[in-house]
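Structure, as structure tokens:
The values are calculated or read from the model by the stated rules, or taken from the named source; none is laboratory data. Only a predicted model underlies this, so the values are computations on that prediction, with no experimental measurement involved. Here the Cβ positions follow ideal geometry from the backbone for every residue, glycine too, while neighbour counts run over all protein chains shown. All accessible areas refer to the heavy atoms of the entire protein, side chains included, with ligands and DNA or RNA removed. Shrake-Rupley method; radii C 1.70, N 1.55, O 1.52, S 1.80 Å.
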Amino acid sequence: MRTRRNPAVLATATTAAVLCAAVALTVAPPGGAAAGHRPVGGGSAVFDRTATYPVFHNRPAGEDPTAETVAEISTVSPDGRTMIYTDAAGRRVGFLDITDPRNPRSLGTLSLATLGNAEDEPTSVAVVGRYVLIVVNTSVSYTAPSGRLDVVDLASRTRVRSIPLGGQPDAIEVSDNGRYAAIAIENERDEDATPLGGDEGDLPQPPAGFLQIVDLTGRHPATWSTRTVSLTAADGSALPGLVAAGLDTPADPEPEYVSINGRDQVAVTLQENNGVVLVDLRSGRITKAFSAGTATVTGIDTADDGVIDLTGAFTGLPREPDAVAWIDDRYLATANEGDWKGGTRGWSIFDSRTGRVVWDAGNSFEHLAVRHGLHNDNRADNKGTEPEGIAVATFGRTRYAFIGSERSNFVAVYDLTRPTRPVLRQVLATTNGPEGLLPIPSRGLLAVSSEVDDAEAGVRAAVNLFRLGTGTPSFPTLVSQTSGWGPDRAPIGWGGLGALTAVPGKRHQLYAASDALYSPTRIYTIDTRRSPARIVDDLVVRDASGEPAGYDAEGLFARPQGGFWLVSEGATGAANQLVRLDRSGVTRQVVSLPDEVATGLGSQGLEGVTALTDRRGREQVWVVLQRGVAGDPAGVVRLGRYDVRGGTWAWFGYQLESTDVAGDWIGLSEITSVGDGRLAVIERDKLSGPAARVKRIYTVDVPTGDPAPGRLPVLPKRLAYDVLPDLRAGNGWTQEKLEGLTVGGDRQVYVVTDNDGAQDATGETVFLRLGSADRVFGRGRR
């Protein structure tokens with residue numbers, strides 16, 4: 001992982017001072033920073049997202065828009081207006097105009113094929129004055145590593161010099177005074193190779209990596225020179241200092257990342273060796289080497305099993321830091337991503353004089369993901385949130401640390417006013433795989449570039465821009481509170497919200513339910529009075545025997561007479577069920593769909609439920625099917641009415657909008673009662689990001705009679721509200737799955753998106769209050 005800063009723009013900007021809970025003193029306790037996090041906003045300074053730019057929009061003319069293209073490491077021009085990023089997948093470097101942070105503009109790309117070979121890969125980038133420094137991996141194999149530093153004129157994009165590096169480069173950093181560049185020459189290991197006497201992927205695997213110093217003397221790159229700092233002895237054996245530091249395999253150091261402080265001292269992480277080396281750039285001498293040590297972390301999820309279970313732990317794992325950043329000239333911070341043997345799911349602060357840990361995040365970084373609905377259960381058994389990137393910068397009078405989670409798609413922002421006592425300020429949602437963290441203090445901006453790009457899954461790499469200002473940030477809109485006591489305190493785990501319903505008798509509470517993403521099914525209580533809204537309780541759904549049950553809950557209705565109706569979609573038509581739960585969440589009744597309906601369904605079935613009870617106490621349950629039933633007219637889906645007393649079904653049609661986008665379809669995702677003889681449904685497409693088009697709420701009148709036998713009358717629909725502008729208002733990746741809709745006891749209209757647990761999705765949940773029911777739906781039957 002490589003995240004670069006540009007020393008030319010490390011000037012001051014808007015003052016930032018946001019009140020939030022402090023992270024614990026030396027090692028964050030269970031709950032840590034996340035436990036005390038308070039919503040930011042009001043008059044405080046906050047980072048808010050201004051734009052999300054998909055980098056496939058910056059592809060060369062004629063290139064397939066679905067071809068993989070990414071934004072990994074980034075830097076910026078001295079004026080802070082041109083952003084430069086590496087695109088390893090496209091074998092090129094991209095340029096963006098960020099003069100207007102609300103509207104980044106394409107400035108094209110520079111292909112490495114024009115500078116060398118079509119297979120050359122950019123690994124990092126930095127800027128010195130008018131020149132862009134592009135670090136390029138030209139290795140033909142792991143055993144014959146090579147690379148170069150291309151110096152490109154920013155204005156003309158022509159190469160003015162190419163400097164051989166003597167090995168496979170990873171990271172670059174330029175000193176604040178512009179005198180030096182430090183490049184980590186990793187010569188990375190082959191994970192499929194087996195060294196003599198070792199296991200597959202083990203170290204050592206020569207040749208050993210080293211540090212390359214570039215002396216940036218003179219105004220023109222022609223006068224620049226390089227110096228090599230060996231991290232092994234001349235005969236290839238380990239240096240005594242690295243051995244004494246207790247590194248894993250010091251004969252194969254594998255330098256990963258570099259950071260330079262104000263005293264021209266570079267810190268180099270040796271990730272696979274779980275260590276840090278300090279080098280004086282003036283003399284090229286190693287001044288210190290120390291181990292990053294091990295950590296024991298409790299209160300985390302350690303199993304990929306569809307359950308957010310924060311009772312797991314690991315003991316004595318090496319931190320194996322990836323990125324490193326100096327906080328000041330004494331203290332440095334590491335992002336403990338982990339590699340082949342470790343990773344401690346957080347970040348640490350070290351005293352460079354002693355090599356000792358003075359602060360560690362403990363489980364608090366993991367808890368941030370859980371609290372914000374960004375937990376990625378698929379990674380629970382393998383490094384969790386995977387904190388990979390770190391950047392430190394001063395905005396106004398406040399020193400900040402930015403820590404990126406590669407697997408849960410967020411950046412945590414901490415106040416470093418006291419270098420050994422970081423204070424959590426915010427969590428920023430990003431697109432998938434935030435790789436590059438680029439503070440631009442001179443303009444009050446933070447740029448985050450992401451490396452995951454999969455057009456087929458609708459996940460595209462992007463650049464997220466955030467600006468420091470005042471007000472309430474667009475994220476988060478929903479968080480969970482901490483439950484439990486003492487060491488068992490932890491945030492309520494949540495995600496995959498596929499349904500919403502009002503809580504009877506409670507003006508400011510809603511229920512939401514998790515879908516098949518997690519098991520057992522849970523019903524969450526949401527307090528809407530707070531900003532962001534807060535999950536304050538959860539209820540485990542159980543089967544008829546009282547055992548925890550795993551339904552694919554796509555619809556939920558809280559009955560005024562007590563208990564719930566829930567619809568479970570199922571993987572096949574026959575598995576679709578209408579379920580009645582008591583107030584304790586125990587299953588009391590299961591209703592199957594009629595055979596003639598169930599057999600005509602594919603994998604998209606029941607998606608929403610609501611109920612109406614007349615003055616005589618006769619309850620009728622309404623459900624929607626997401627997609628059409630085989631044999632029904634094209635583009636028509638069904639609304640079903642189940643008479644509870646009679647146990648009978650009646651079916652009505654609903655005409656969907658059309659789409660001509662390849663791979664897209666349109667369906668229904670929710671149904672709720674407006675309360676005046678009308679039902680409201682969500683109609684949406686399968687598209688996300690800039691491609692999203694249909695995220696709408698329509699109403700239909702409740703039919704007063706039964707359809708004629710064998711007929712499927714289509715109910716006239718009316719557009720009530722287009723949610724797409726609201727989903728885009730947060731300037732993030734427009735979410736695909738608008739799935740929950742209800743009218744609360746306060747007569748406000750609420751919607752929520754299903755985040756898919758960050759699996760083929762960004763993981764961001766958008767919870768919105770659209771306004772009063774009268775404003776959204778109008779008054780009375782029309």
#### Entry: Filter pass, Gln577 being of a type outside the set (D, E, K, R), in the same structural domain as Arg711 (by the TED database) and without any contact (Cβ under 8 Å) to a residue 40 or more places away in the chain
yes
#### Entry: segment 127-142, subset part of a strand (DSSP E or B) and open to solvent by 10 Å² or more (accessible area, probe 1.4 Å), residue nearest to Arg161 (Cα to Cα)
Tyr131
### Summary
Those residues of segment 560-576 which are in contact with a helix residue (DSSP H, G or I) (Cβ under 9 Å, 6 or more places away or on another chain) and among the hydrophobic types (A, V, I, L, M, F, W, C) amount to Ala574, Ala575
#### Entry: Only one of Arg407, Arg467, Arg460, Arg443 that is under 20 Å from Ala361 (Cβ atoms), of a type in the set (D, E, K, R) and either out of contact with any strand residue (DSSP E or B) (no Cβ under 6 Å at 6 or more places or on another chain) or not assigned by the TED database to the domain that holds Leu687 (or both)
Arg407
### Task
Restrict the check to segment 331-338 and report whether at least one residue is open to solvent by 10 Å² or more (accessible area, probe 1.4 Å) and not assigned by the TED database to the domain that holds Gly241.
yes
### Query
Quick one: which of Ala571, Ala544, Ala513 is aliphatic (A, V, I, L, M), at negative phi and part of a strand (DSSP E or B)?
Ala513
### Message
Just the residues that are acidic (Asp, Glu) and either open to solvent by 70 Å² or more (accessible area, probe 1.4 Å) or part of a loop (DSSP other than H, G, I, E, B) (or both), please, taken from segment 700-733.
### Response
Asp706
### Task
Could you tell me whether any residue of segment 306-320 is buried (at least 24 other Cβ atoms within 10 Å of the Cβ), small (Gly, Ala, Ser) and modelled with pLDDT of 95 or more?
no
## Note on the structure
Result of the Cβ filter at 9 Å on segment 623-639, keeping first residues that are within 15 Å of Glu607 (Cβ to Cβ) and open to solvent by 40 Å² or more (accessible area, probe 1.4 Å) and partners that are part of a loop (DSSP other than H, G, I, E, B) and among the small types (Gly, Ala, Ser), at least 6 apart or interchain, is Arg627/Gly602; Arg627/Ser603; Arg627/Gly605
#### Entry: Failed condition for Val160, given (1) open to solvent by 40 Å² or more (accessible area, probe 1.4 Å); (2) assigned to a loop (DSSP other than H, G, I, E, B)
(2)
### Query
Out of (1) part of a strand (DSSP E or B); (2) open to solvent by less than 40 Å² (accessible area, probe 1.4 Å), what's the single condition that is false for Glu736?
(1)
### Message
Kindly evaluate Arg507 against the criterion of being at negative phi, surrounded by fewer than 24 Cβ atoms within 10 Å (Cβ to Cβ) and at pLDDT 95 or above.
### Response
yes
## Note on the structure
Just one listed residue, out of Ile349, Ile286, is assigned to a strand (DSSP E or B), at pLDDT 95 or above, open to solvent by 10 Å² or more (accessible area, probe 1.4 Å) and of a type outside the set (S, T, N, Q), and it is Ile286
